[in-house]
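Engineer: The structure's right below; bear with me while I get my questions together.
The values are calculated or read from the model by the stated rules, or taken from the named source; none is laboratory data. Just so it is clear, the structure is predicted and the values come from calculations on it, not from any experiment. In this analysis, Cβ positions are derived from the backbone assuming ideal geometry, glycine residues included, and neighbour counts consider all displayed protein chains.
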Amino acid sequence: MMVEKIVDAFKDRFGAEPVIFRAPGRVNLIGEHTDYNDGFVMPAAIDRYVYFAIKPNGQNVYRFHAFDLNKSFTTTTNLISPSKSRWANYLLGVISQMIGYGKDIPGFDCVFGGNVPIGAGLSSSAAIEIGLAFALNHIFSLGFTPMQLALIGQKAEHEYAGVKCGIMDQFASLHGKMNHVLKLDCRSLDFEPFELRTDDFSIILVNTGVKHSLASSEYNIRRNECQVGVDILKKYNANISSLRDVSLDMLNEHKSEFDKKVWDRCSYVVEENLRVKQAGEALQNKDFQLFGRLMYQSHYGLKEKYEVSCPELDKLVDITEPLDYVLGSRMMGGGFGGCTINLVRNTHIDQFIEQVKLHYKTPQGNTPDVITCVIVNGAELFS
Ligand code: GLA
């Protein structure tokens with residue numbers, strides 16, 4: 001068991017008995033690149049975790065060990081600043097945010113590691129941020145609400161990892177609810193759970209094997225392009241502060257003032273928000289066929305208008321098109337690699353995997369990793 005290895009590593013290094021926490025990775029059923037536009041998303045936490053073994057050390061140092069990388073990092077408590085070590089920044093960013101809230105974070109020792117694949121679009125970085133934020137909140141009784149912890153994780157990513165991400169990943173890692181997807185309004189931060197049982201069909205991820213290396217630079221560019229669109233429309237209506245406030249009619253009315261690329265980006269976001277609303281209704285009506293069609297539409301919008309897909313993701317989605325036991329398929333997360341998410345009838349899971357393996361090879365020539373997910377609760381005290 002992975003968690004036992006992490007506990008043993010903690011005991012070997014620090015000679016003490018730690019407390020264990022875990023935070024999950026996430027999937028997103030629909031609503032991509034809408035969170036930073038104040039729109040709607042529909043994520044769920046999945047049974048892939050980052051575990052944290054942690055204990056206060058009574059000294060003025062934070063000592064971290066990344067179990068999976070076999071690397072360590074130590075810093076004194078009054079010297080928190082971004083480091084050259086990428087992985088340490090996710091942790092330091094969280095501490096720095098908490099200190100920014102006026103909290104005292106005493107020294108502690110920590111070993112962490114898990115099985116959320118890195119670079120696959122399952123938010124391993126959010127699971128690291130939220131795992132630590134949740135653990136510190138607990139062991140030092142800091143009194144943050146779950147939503148504050150999510151915001152702390154998001155800000156850590158902005159300031160210490162340089163990605164201007166939305167709130168979806170950190171939100172999902174904290175608020176996840178077993179057997180439910182969560183429709184989140186990224187403006188009000190209100191959310192509504194919708195039951196999604198996997199009795200009839202499963203959520204299956206297929207990893208392209210392409211690491212989403214372009215994701216952070218292109219991500220920030222997309223954010224700016226959306227802002228350009230908002231700035232154009234704001235001139236006509238001062239109440240518009242994000243694409244959330246924009247309708248397709250407004251976009252069409254002012255189409256001539258838009259550069260084609262910016263118009264495509266904005267119309268994708270407005271359409272995707274509408275799809276999330278429809279997807280919620282479809283789940284309420286148990287209309288999974290409609291839900292699946294919306295997933296495909298989301299993919300084509302991301303591919304053609306938002307241009308964050310890649311040939312490998314497109315190929316994986318195309319393979320599923322003729323398979324009537326696949327309800328929906330689309331790229332998931334920031335894009336440019338990572339996984340597709342597929343809703344597949346339980347009666348045909350073996351056939352699905354067979355088809356994918358027959359028709360797709362990763363750029364390295366390997367058969368792709370296929371991950372079947374169970375929807376679980378968010379971050380928690382493990383033992
Ligand atoms: C990444 C970000 C999220 C979200 C998605 C795209 O996962 O961290 O905030 O914007 O991309 O939907």
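Engineer: Return yes when A120 is aliphatic (A, V, I, L, M), within 16 Å of the ligand (Cβ to nearest atom), in a strand (DSSP E or B) and touching a Gly at 6+ places or on another chain (Cβ under 7 Å) and no when it is not.
Structural biologist: No.
Rundown of residues vs (1) outside any helix (DSSP H, G or I); (2) closer than 15 Å to V269 by Cα; (3) aliphatic (A, V, I, L, M), yes/no style:
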| position | (1), (2), (3) |
| --- | --- |
| Y219 | no, yes, no |
| R222 | no, yes, no |
| C226 | no, yes, no |
| I240 | yes, yes, yes |
| L251 | no, yes, yes |
| S256 | no, no, no |
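Engineer: Taking the stretch 354-370 on its own, how many of its residues are over 25 Å from E32 (Cα atoms) and part of a helix (DSSP H, G or I)?
Structural biologist: 5
Engineer: Could you say whether any residue in the stretch 132-146 is under 26 Å from G338 (Cα atoms) and either within 16 Å of the ligand (Cβ to nearest atom) or in contact with a Ser or Thr (Cβ under 6 Å, 6 or more places away or on another chain) (or both)?
Structural biologist: Among the residues of the stretch 132-146, at least one is under 26 Å from G338 (Cα atoms) and either within 16 Å of the ligand (Cβ to nearest atom) or in contact with a Ser or Thr (Cβ under 6 Å, 6 or more places away or on another chain) (or both), which makes the answer yes.
Engineer: When you look at S202, is it part of a strand (DSSP E or B), surrounded by fewer than 20 Cβ atoms within 10 Å (Cβ to Cβ) and over 18 Å from the mean Cα position of the chain (by Cα), yes or no?
Structural biologist: Here the answer is yes, as S202 does meet what is asked.
Engineer: Please enumerate the residues belonging to the stretch 338-353 that are within 16 Å of the ligand (Cβ to nearest atom) and assigned to a strand (DSSP E or B).
Structural biologist: C339, T340, I341
Engineer: Which one is nearest to the ligand (Cβ to nearest atom) among residues in the stretch 1-50 that are closer than 27 Å to V246 by Cβ and either over 14 Å from the mean Cα position of the chain (by Cα) or aromatic (F, W, Y) (or both)?
Structural biologist: Selected residue: Y36.
Engineer: Here's a follow-up. Starting from residues that are in contact with a helix residue (DSSP H, G or I) (Cβ under 7 Å, 6 or more places away or on another chain) and among the hydrophobic types (A, V, I, L, M, F, W, C), keep the ones in the stretch 323-337 and report whichever is farthest from the ligand (Cβ to nearest atom).
Structural biologist: The residue in question is L323.
Engineer: Another question, if that's okay. So, in the stretch 372-383, exactly how many residues are loosely packed, with under 13 Cβ neighbours inside 10 Å and among the aliphatic types (A, V, I, L, M)?
Structural biologist: So the answer is 1.
Engineer: Let me ask something else about it. Going by the conditions given, is A66 within 30 Å of G337 (Cα to Cα), free of Cβ contacts under 8 Å to residues at least 60 places away in the same chain and touching a helix residue (DSSP H, G or I) at 6+ places or on another chain (Cβ under 7 Å)?
Structural biologist: Yes; evaluated as a whole, the condition is true for this residue.
Engineer: Taking the stretch 84-106, which residues are under 26 Å from V7 (Cβ atoms) and out of contact with any Lys or Arg (no Cβ under 8 Å at 6 or more places or on another chain)?
Structural biologist: R86, A88, N89, Y90, L91, L92, V94, I95, M98, I105, P106
Engineer: Taking only the stretch 342-371 into account, find how many residues are surrounded by 14 or more Cβ atoms within 10 Å (Cβ to Cβ) and either acidic (D, E) or at pLDDT below 95 (or both).
Structural biologist: 1
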